[in-house]
């Protein structure tokens, strides 16, 4: 069984899609095969089917990661249920997860010790800083996971 990580933000067009793609990228580089870690994302106030923001696409493309095919998904209770770990970008996103599924408290937390601010409608430089904050936080998450490096999936 793969280890499922769900990234949660607001609209699922900036931070959580970048986090999803970054986790898959970092997990591959760490040696996880095609069945170990499944990275997913959703937004607490997302409209289903929206594209990733153009600046998010640009910031990720600079790392050789293509998120141009991303489509937003609204957070649903079953997504939380299916996840082994839920990582929220801000405290109020975590609160929304726990309101939806109070029993997820043991597997849900903020991605970083601080809120990762929403770069929506900001410059590509802000998106780059956000991308880099997310990448650093995800490296710590990966370091803290007790998984075998040959376990798995990186979507």
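Taken together, the values in this text are just the output of simple stated rules run on the coordinates, not laboratory data. No experiment lies behind these values; they were computed from the predicted model shown. In this analysis, Cβ positions are derived from the backbone assuming ideal geometry, glycine residues included, and neighbour counts consider all displayed protein chains.
Side notes on the structure shown:
- Residue check, residue 94 closer than 23 Å to residue 146 by Cβ and under 15 Å from the mean Cα position of the chain (by Cα): yes
- For residue 131, the conditions (1) under 14 Å from residue 88 (Cα atoms); (2) out of contact with any strand residue (DSSP E or B) (no Cβ under 9 Å at 6 or more places or on another chain); (3) surrounded by 16 or more Cβ atoms within 10 Å (Cβ to Cβ) all hold with the exception of (1).
- Residues of the range 23-37 that turn out to be in contact (Cβ under 8 Å) with a residue 40 or more places away in the chain and surrounded by fewer than 24 Cβ atoms within 10 Å (Cβ to Cβ), as a count: 10
- Residue count for the range 16-32, restricted to those that are touching a helix residue (DSSP H, G or I) at 6+ places or on another chain (Cβ under 8 Å) and closer than 10 Å to residue 52 by Cβ: 3
- Restricting attention to the range 83-119, the residues being exposed (fewer than 13 other Cβ atoms within 10 Å of the Cβ) and more than 21 Å from residue 14 (Cβ to Cβ) number 5.
- Test: residue 74 is touching a strand residue (DSSP E or B) at 6+ places or on another chain (Cβ under 9 Å) and surrounded by fewer than 19 Cβ atoms within 10 Å (Cβ to Cβ): yes
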